[in-house]
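Student: Here it is: the structure, laid out below.
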Amino acid sequence: MTQRIWIGAHTSAAGGSYNALYEGKEIGASTIQLFTSNQKQWHGREIDAEELRLWEKALEETGIGEVMSHDSYLINLGSPNEELLHKSRQAFQREIERCHLLKIPYLNFHPGAATDKNEAHCIETIVESLLGYEELLHQGKTRILLEATAGQGTSVGHKFEHLAAILQPVHRKIPIGICIDTCHIFAAGYDIRTEEGWKKTLKEFDEVIGLSHLYAFHLNDSQKELGTRVDRHAPIGEGKIGLESFRFVMHSPKTRHLPKYLETPEGPVGWKKEIALLKTFAEKP
């Protein structure tokens with residue numbers, strides 16, 4: 001039996017979360033990522049019974065699976081500011097609750113930002129924040145995924161060591177994993193432009209974190225050069241990373257089976273072409 005390739009994009013949930021599934025179907029996706037609430041507002045919205053019914057209907061009609069939610073950009077689970085940390089923790093709790101309601105398998109989140117320049121304390125605070133969701137996370141099927149960052153500004157998570165320092169104290173207590181964003185790790189200094197570069201990067205990931213903790217990818221080319229720590233996405237094959245990188249990710253036995261989500265800038269028209277291209281890479285190198 002041929003293993004299904006999970007490839008999609010971050011589609012729009014405007015007008016209802018179920019609309020993201022239908023947009024996914026239109027672009028040829030087998031999976032999608034979405035925001036379950038406005039990503040730029042603290043107060044998360046409620047999902048009522050009718051929306052839940054329409055979501056379940058859309059899942060059945062589209063055949064889309066391995067759905068991933070992306071948390072609000074405002075959330076900082078490592079904030080040194082007590083008020084912002086409290087608001088972040090409350091908002092992340094609501095993110096988890098919405099994912100449980102919709103039975104979404106993955107919730108992707110940016111680890112946090114050391115706005116006081118103290119990375120070690122930021123990571124400790126993130127760990128403390130995550131352990132606070134132990135009981136809640138075991139009430140549903142959602143796995144939270146730490147997203148590797150580009151290291152822009154004061155964000156942590158741009159080194160595999162950062163991700164390991166967060167994951168190791170918590171992974172036996174809560175369902176957690178890692179999502180690699182190709183643009184982010186390239187901007188952070190991991191050279192993934194070639195098959196050789198990818199093999200070296202995955203070996204380092206395995207040694208520092210463990211490949212068993214890798215659950216998903218964001219597939220994005222990069223407008224900026226290697227190691228710039230600037231997060232600017234580009235269409236697949238049109239940035240500084242190049243097509244060979246994405247050909248490897250789609251075909252390698254270590255990464256082929258993992259769900260992958262486009263966050264490239266051209267939107268649905270571009271995603272449809274990119275998904276079709278990436279599917280060909282999965283079929284043959």
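The values are calculated or read from the model by the stated rules, or taken from the named source; none is laboratory data. This structure is a prediction, so every number in the text was calculated from the model and none was measured. As a convention, Cβ positions derive from the backbone with ideal geometry for all residues, glycine included, and neighbour counts pool all protein chains shown.
Student: Can you name every residue in region 129-157 that is among the β-branched types (Val, Ile, Thr) and either assigned to a loop (DSSP other than H, G, I, E, B) or more than 23 Å from residue 205 (Cα to Cα) (or both)? Let's see the steps before the verdict.
Tutor: As a first pass, look at region 129-157 and keep what is among the β-branched types (Val, Ile, Thr): 142, 144, 149, 154, 156.
Once the filter is applied, which keeps residues that are among the β-branched types (Val, Ile, Thr) and either assigned to a loop (DSSP other than H, G, I, E, B) or more than 23 Å from residue 205 (Cα to Cα) (or both), region 129-157 yields 142, 149, 154.
Student: Same structure, new question: Here are the criteria: (1) within 28 Å of residue 19 (Cα to Cα); (2) touching a strand residue (DSSP E or B) at 6+ places or on another chain (Cβ under 9 Å); (3) of a type in the set (S, T, N, Q). Tell me which single one residue 90 does not satisfy.
Tutor: Only one criterion is unmet by residue 90, namely (2).
Student: Could you run through region 28-51 and say how many residues are surrounded by 21 or more Cβ atoms within 10 Å (Cβ to Cβ) and not in a loop (DSSP other than H, G, I, E, B)?
Tutor: Number of matching residues: 4.
Student: While we're here: Can you report the number of residues in region 261-285 which are touching a helix residue (DSSP H, G or I) at 6+ places or on another chain (Cβ under 6 Å), under 20 Å from residue 66 (Cα atoms) and surrounded by fewer than 16 Cβ atoms within 10 Å (Cβ to Cβ)?
Tutor: So the count comes out to 0.
Student: Can you tell me which condition residue 25 does not meet? The list is (1) part of a helix (DSSP H, G or I); (2) in contact with a helix residue (DSSP H, G or I) (Cβ under 6 Å, 6 or more places away or on another chain); (3) in contact (Cβ under 8 Å) with a residue 40 or more places away in the chain, and all the others hold.
Tutor: The single condition residue 25 does not satisfy is (3).
Student: Identify all residues within region 56-76 that are touching a His at 6+ places or on another chain (Cβ under 9 Å) and without any contact (Cβ under 8 Å) to a residue 60 or more places away in the chain; write none if there are none. I'd like the intermediate steps shown before the answer.
Tutor: The first filter runs over region 56-76 and keeps only residues touching a His at 6+ places or on another chain (Cβ under 9 Å), leaving 68, 70-71, 73, 75-76.
Correct list: 71, 73, 75, 76.
Student: Moving on. Which residue pairs have Cβ atoms closer than 7 Å, lie 6 or more positions apart in sequence or on different chains, and pair a first residue in region 110-121 that is within 18 Å of residue 146 (Cβ to Cβ) with a second residue that is among the hydroxyl-bearing types (Ser, Thr, Tyr) and outside any helix (DSSP H, G or I)?
Tutor: 110/149; 110/155; 111/149; 112/79; 113/154; 113/155; 114/154
Student: On to the next question. Which number in (1) touching a Leu at 6+ places or on another chain (Cβ under 6 Å); (2) assigned to a loop (DSSP other than H, G, I, E, B) marks the one condition that residue 12 misses?
Tutor: Among (1) touching a Leu at 6+ places or on another chain (Cβ under 6 Å); (2) assigned to a loop (DSSP other than H, G, I, E, B), residue 12 violates only (1).
Student: So in region 147-181, with the set limited to residues that are touching a Phe, Trp or Tyr at 6+ places or on another chain (Cβ under 7 Å) and not small (Gly, Ala, Ser), which one is farthest from residue 260 (Cα to Cα)?
Tutor: Residues of region 147-181 touching a Phe, Trp or Tyr at 6+ places or on another chain (Cβ under 7 Å): 147, 160, 174, 177-180.
Filter once more, keeping what is not small (Gly, Ala, Ser): 147, 160, 174, 178-180.
Numbers: 147: 13, 160: 19, 174: 23, 178: 12, 179: 9, 180: 9 Å.
Result: 174.
Let's see how each residue does on (1) closer than 28 Å to residue 13 by Cα; (2) among the hydroxyl-bearing types (Ser, Thr, Tyr); (3) at pLDDT below 95:
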position: 216; (1), (2), (3): yes, no, no
position: 223; (1), (2), (3): yes, no, no
position: 240; (1), (2), (3): no, no, no
position: 251; (1), (2), (3): no, no, no
position: 254; (1), (2), (3): no, no, no
position: 258; (1), (2), (3): yes, no, no
position: 271; (1), (2), (3): yes, no, no
position: 277; (1), (2), (3): yes, no, no
position: 283; (1), (2), (3): no, no, yes
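For (1) part of a loop (DSSP other than H, G, I, E, B); (2) more than 19 Å from the chain's Cα centre (by Cα), each residue gets a yes or a no:
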{"position": "95", "(1), (2)": "no, no"}
{"position": "101", "(1), (2)": "no, yes"}
{"position": "122", "(1), (2)": "no, yes"}
{"position": "169", "(1), (2)": "yes, yes"}
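Student: Still on this structure, I have one more. Is there any pair with a first residue in region 256-268 that is more than 15 Å from residue 107 (Cα to Cα) and of a type in the set (Ser, Thr, Tyr) and a second that is assigned to a loop (DSSP other than H, G, I, E, B) and modelled with pLDDT of 95 or more whose Cβ atoms are under 6 Å apart and which are 6 or more apart or on different chains, and what are they?
Tutor: Close Cβ pairs (under 6 Å, with a partner that is assigned to a loop (DSSP other than H, G, I, E, B) and modelled with pLDDT of 95 or more) amount to 264/220; 264/235.
Student: Of the numbered conditions (1) of a type outside the set (S, T, N, Q); (2) crowded, with 16+ Cβ neighbours inside 10 Å; (3) under 19 Å from residue 118 (Cβ atoms), residue 184 fails exactly one; give the number of that condition.
Tutor: Residue 184 satisfies every listed condition except (3).
Student: A follow-up question, please. Within the group 232, 247, which residue is over 25 Å from residue 144 (Cα atoms) and surrounded by fewer than 21 Cβ atoms within 10 Å (Cβ to Cβ)?
Tutor: Details: 232 fails: over 25 Å from residue 144 (Cα atoms).
Selected residue: 247, the only one of 232, 247 that is over 25 Å from residue 144 (Cα atoms) and surrounded by fewer than 21 Cβ atoms within 10 Å (Cβ to Cβ).
Student: Ok, one more. Can you tell which of 262, 226 is touching a Phe, Trp or Tyr at 6+ places or on another chain (Cβ under 8 Å) and either closer than 18 Å to residue 202 by Cα or of a type outside the set (A, V, I, L, M, F, W, C) (or both)? Working first, answer last.
Tutor: Numbers: 262 fails: either closer than 18 Å to residue 202 by Cα or of a type outside the set (A, V, I, L, M, F, W, C) (or both).
Every option except 226 fails the conditions.
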